Amino acid sequence: MASEPMPRWKRRAYNIEALRAEARRVLPRAVFDFVDGGAGDEHTLRRNVSAFESVDLYPRPIGGSASRDLSTTLFGRRISMPLIVPPTGLAGLLWPDGEAASARAATKAGSIYCLSHGSVCTLEELAETGLSPRWFQTYIYTDRGLTHEMAARAADAGYEALVVTIDTQMLGNRERDIRNGFVIPPRFSAGEIANMALKTGWLFRMRNAIPKITFGNYRRPGGANDLTTLHHRMLALPDQGMQWDDVAALRAVWKGPLLLKGVLHPADAAEAVANGVDGVMVSNHGGRQLDGAASALDALPRVADAVAGRAAVLLDGGIRRGTHMVKALALGADCCTIGRPQLWGLAVAGEAGVAHAFDILRRELDLAMGLCGLADIDSIGPDVLARPPAAREASAPAETPAAIPTQGNGADDDAREDAAPEPAPVAETGGPAGPEPTRYGDWERKGRAIDF
Ligand SMILES: Cc1cc2nc3c(=O)[nH]c(=O)nc-3n(C[C@H](O)[C@H](O)[C@H](O)COP(=O)(O)O)c2cc1C
């Protein structure tokens, strides 16, 4: 039987950077920049990726395996590889029903999709698709009633985990968006409008979806629900004075896994664990918030030390290669995320594009593990690094995790060069693989097990 010819976009998008170039080709410049850009001088955005270059691998070819097992367990759920989709708002601007398309690809890849508070669809609409596993991301709002309402809606709609993002209490200085007029209400120049008109594929696909773009989760029956009104409402909501007590209060009401996203400091990681958090996402929001913040990878080893296996550690930011995942896991992460790579795939080919991003990274991870002599995810540790974390830290004065005090409860690089194998089988889901299901805590033992 003759195999289907590979579509042109797929041939061109042979790695994540090439997928990004394809996304640049198909998206209006303002939309591409909204996804691609970071805050201020984009120092942190660049560092998120370049930090991986200062970590080298030490392969041990003898003793590997003819086939690698890339699967792992996160909160009792078996996933096909240590890679999930973090929350990314306005995915529906890249592809019609973008959130559902992306969630479909992620779940078919045996991964997890986290819906953003700022999704175009409502959290209930995504739940109606039946796609699972699903997580939901929210904030601590000035109106604590709203914080708890969002959590209750997510619980009612069957979301498994709640991600609370703590680094967006003020909106970062996204200068590409200002330059492009990608603000609310939009202030596009004639040049931007002309550029948009050239992107005929996107315009045609999105012709019915564009008028309906809004922040679905903030819609109120009978109220004004247009993008501008809802955006202004949203910006006023996150609390710049949130405290650890607020995390503890959410912990008390949210029965599933609770994650904090935006943790860089080891003391905050320890505090998160002390407040009952089940997972920390080591993240600077993909360089979109505080420019000058440490890269996620640089922050990772100290966070992992502080957590000391008591919660899951997720590396969020800069993953573009399979080797990046090996390095992150060797430095203490249990899992990684792909924000922009998933969105670039979505922009290029909807569900198939996101699936392609997963395929690329799966193939690269398998190759990296094979060449390093690593048979499975659990065999990835510090000894795969040429310079293990302890040596990397030696020159930096750092508190030991035990000494970290806890209080108890207490968005242009302007380089605009306009530029697979069969999907791996979805890993078996349905519970822990062995007697020690997770190495970061007592999720099952706490009796908060959820229906996997
Ligand atoms: C277009 C876009 C929208 C995002 N929206 C959200 C959001 O609504 N909530 C959130 O916590 N993080 C959001 N993020 C940050 C991502 O969750 C993630 O931290 C970041 O993309 C990781 O970096 P990476 O793109 O290098 O993978 C967004 C990122 C992008 C690129």
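Candidates in the stretch 1-53 are the residues that are out of contact with any helix residue (DSSP H, G or I) (no Cβ under 8 Å at 6 or more places or on another chain) and of a type in the set (D, E, K, R); of these, the one that is surrounded by the fewest Cβ atoms within 10 Å (Cβ to Cβ) is Glu4.
The helices (runs of 4 or more DSSP H) found wholly in the stretch 158-240 and carrying at least 1 residues that are acidic (Asp, Glu) and either touching a strand residue (DSSP E or B) at 6+ places or on another chain (Cβ under 7 Å) or within 15 Å of the ligand (Cβ to nearest atom) (or both) occupy 175-180.
Which one is surrounded by the fewest Cβ atoms within 10 Å (Cβ to Cβ), of the residues in the stretch 329-360 that are outside any helix (DSSP H, G or I) and within 11 Å of the ligand (Cβ to nearest atom)? Among those residues, the one meeting the criterion is Gly339. Annotation note: Cβ proximity below 7 Å between a residue of the stretch 215-232 that is within 22 Å of Ala154 (Cα to Cα) and a residue that is exposed (fewer than 12 other Cβ atoms within 10 Å of the Cβ) (sequence gap 6+ or interchain) occurs for no pair.
Could you please find all residues in the stretch 161-187 being buried (at least 21 other Cβ atoms within 10 Å of the Cβ) and more than 22 Å from Leu290 (Cβ to Cβ)? Once the filter is applied, which keeps residues that are buried (at least 21 other Cβ atoms within 10 Å of the Cβ) and more than 22 Å from Leu290 (Cβ to Cβ), the stretch 161-187 yields Ala161, Leu162. In the stretch 40-137, counting only helices (runs of 4 or more DSSP H) that sit wholly within it, the ones holding 2 or more residues that are within 12 Å of the ligand (Cβ to nearest atom) span 43-50, 98-108.
Among the residues of the stretch 277-328, those that are more than 16 Å from the ligand (Cβ to nearest atom) and in a helix (DSSP H, G or I) comprise Pro301, Arg302, Ala304, Asp305, Ala306, Val307, Val326.
FYI, it's all coordinate maths here, none of it is from the lab. Small disclaimer: the values here were computed from a predicted structure and weren't measured. Note that we place each Cβ from the backbone using ideal geometry, even for glycine, and neighbour counts take in every protein chain shown.
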